[in-house]
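J.: Attaching a single structure in structure tokens format; questions to follow.
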Amino acid sequence: MRFVLDTIPGASCVATRWDLGIDNVSVRTGALGSVYCLSRANSTGGRARLTGIGSRVAADEDVTLAVSSLPADSFGYFLMSELTAVIPVHEGDLCLGGEVKRFSMDVIRSGPEGLVQFSPDFNALPMGSVFRPGDTWNFQYWYRDVGPTTNFSEALSV
């Protein structure tokens, strides 16, 4: 970790001990997972982008999924599966295969900015699923677009 001390030009600062008064520090290492399936354009003209942040260690139970470039005030929820696919559905592509599990009890509204964030509860995953060390899970956000149609975000493999 690198700390920078801004001082007045020409001034010096000597210290042998630093007490920053910080406890229980959590350091995130950046992006989590990789996008393997791009989304189609939605009514905003953009594509719903999915990113993940958090720990790569399942026992840490620290994953946050975020989607941007959604239509304002749209509703949706996350999906997950262990397999991948590309299946055209409405205005987008479902990029999950096999048994697709829904976080349908966690419907999220995008708000005026067209953004959502979600941290799955590892102790209450859909259909009794369990994240185990070494597993790869795939995630995608399914949302209502303008009018009577739906679309999907990018798909992320974690």
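The values are calculated or read from the model by the stated rules, or taken from the named source; none is laboratory data. Because the structure is predicted, anything quoted here is derived from the model rather than measured. Counting neighbours? That spans all protein chains shown, and the Cβs are built from the backbone with ideal geometry, glycine included. We work out accessible area using only protein heavy atoms, side chains counted, and drop any ligands, DNA or RNA first. Shrake-Rupley method; radii C 1.70, N 1.55, O 1.52, S 1.80 Å.
J.: Go over the candidates PHE103, PHE122, PHE118 one by one and state the one that is of a type in the set (Phe, Trp, Tyr) and over 27 Å from GLY45 (Cα atoms).
T.: PHE122
J.: Can you find even one residue in segment 120-134 that is over 16 Å from the mean Cα position of the chain (by Cα), surrounded by fewer than 20 Cβ atoms within 10 Å (Cβ to Cβ) and in a strand (DSSP E or B)?
T.: no
J.: Would you say PHE78 is in contact (Cβ under 8 Å) with a residue 24 or more places away in the chain, of a type in the set (Phe, Trp, Tyr) and touching a Pro at 6+ places or on another chain (Cβ under 8 Å)?
T.: Against the criterion (in contact (Cβ under 8 Å) with a residue 24 or more places away in the chain, of a type in the set (Phe, Trp, Tyr) and touching a Pro at 6+ places or on another chain (Cβ under 8 Å)), PHE78 qualifies.
J.: Take segment 100-119 and flag every residue that is aliphatic (A, V, I, L, M), under 16 Å from the mean Cα position of the chain (by Cα) and open to solvent by 20 Å² or more (accessible area, probe 1.4 Å).
T.: Hits for segment 100-119 are VAL107, ILE108, LEU115.
J.: Scanning for something more than 15 Å from ALA155 (Cβ to Cβ) and either touching a Phe, Trp or Tyr at 6+ places or on another chain (Cβ under 9 Å) or in a loop (DSSP other than H, G, I, E, B) (or both), does segment 85-96 turn up at least one residue?
T.: Yes - at least one qualifying residue is present in segment 85-96.
J.: Another question, if that's okay. Can you tell me which residue in segment 56-99 is least open to solvent (accessible area, probe 1.4 Å), limited to those that are at positive phi and among the charged types (D, E, K, R)?
T.: Here the residue is ASP73.
J.: Name the single residue, out of those in segment 135-158 being in contact (Cβ under 8 Å) with a residue 60 or more places away in the chain and among the β-branched types (Val, Ile, Thr), that is least open to solvent (accessible area, probe 1.4 Å).
T.: THR150
J.: Could you please give the count of residues in segment 40-54 that are hydroxyl-bearing (Ser, Thr, Tyr) and either out of contact with any Leu (no Cβ under 8 Å at 6 or more places or on another chain) or loosely packed, with under 15 Cβ neighbours inside 10 Å (or both)?
T.: Total satisfying the criteria: 1.
J.: Let me ask something else. What number of residues in segment 108-152 are of a type in the set (S, T, N, Q) and touching a Lys or Arg at 6+ places or on another chain (Cβ under 7 Å)?
T.: 3
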